[in-house]
Amino acid sequence: MNSISELYLSRAENELIAGRILNEVSINPKLQKEQFKLESDFTFYSSVISHCYYCIFYTAKAILINDGIKTDMPNVHKRHLKHLKNFSSKQEKLDKDMFRIYEDMAVKADVLLEIFSNEKGKRGRFTYEILPQANIQPAKQSLDNADLFFKTIRKILEK
């Protein structure tokens, strides 16, 4: 594995750990009050989902860069998905589940970016009017997916 891939894999692991920490803080009111001195219960599930996406994004970037594939702005997320599809079909290093996880997270990110750029007015409703607790199940799924994706790609890169 080259040094740039190692850097991105390290960033991916950092994002995964941040997601785990925020999830634990979200489900543990005692931790919120005693460790962080929060006076009311908070949840950070939206941030968990975001950190998990970036774990998967940086993990994908690590394997692509290791194989000599560079993705640049603009539309870096879409380009990652395109290159990952080609990489997966040519090299058969990624099984269908790993590709599905990345594609699913990329689609979610694309939807979020579209909401942000095209419908700023509606964005407020999703951010401020939906209870944060409603994101608990998607956050759990994102953590599971990010963990599986990261561990699988890391094994490939370490060979």
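Got a sec to turn the phi values of the range 21-29 into Karplus ³J(HN,Hα) couplings, 6.51 cos²θ - 1.76 cosθ + 1.60 with θ = phi - 60°, whole Hz, x for Gly and Pro?
Coupling constants for the range 21-29: 4, 5, 5, 4, 5, 5, 8, 10, x Hz.
From the Cα gyration tensor of the range 1-77, with a ≥ b ≥ c the square roots of its eigenvalues, which class applies: rounded if a/c is under 1.5, or else prolate if a/b is larger than b/c, or else oblate?
Prolate, since a/c reaches 1.5 and a/b exceeds b/c.
Just list whichever of LYS37/LYS155; LYS70/LYS155; LYS33/LYS151; LYS33/LYS155; LYS61/LYS140; LYS37/LYS151 have alpha carbons separated by over 30 Å in the model shown.
Result: LYS37/LYS155; LYS33/LYS151; LYS33/LYS155; LYS37/LYS151 exceed 30 Å.
All of the numbers you see were taken from the coordinates with simple rules; none came from a lab. Keep in mind it's a predicted model, so treat the numbers as computed, not measured.
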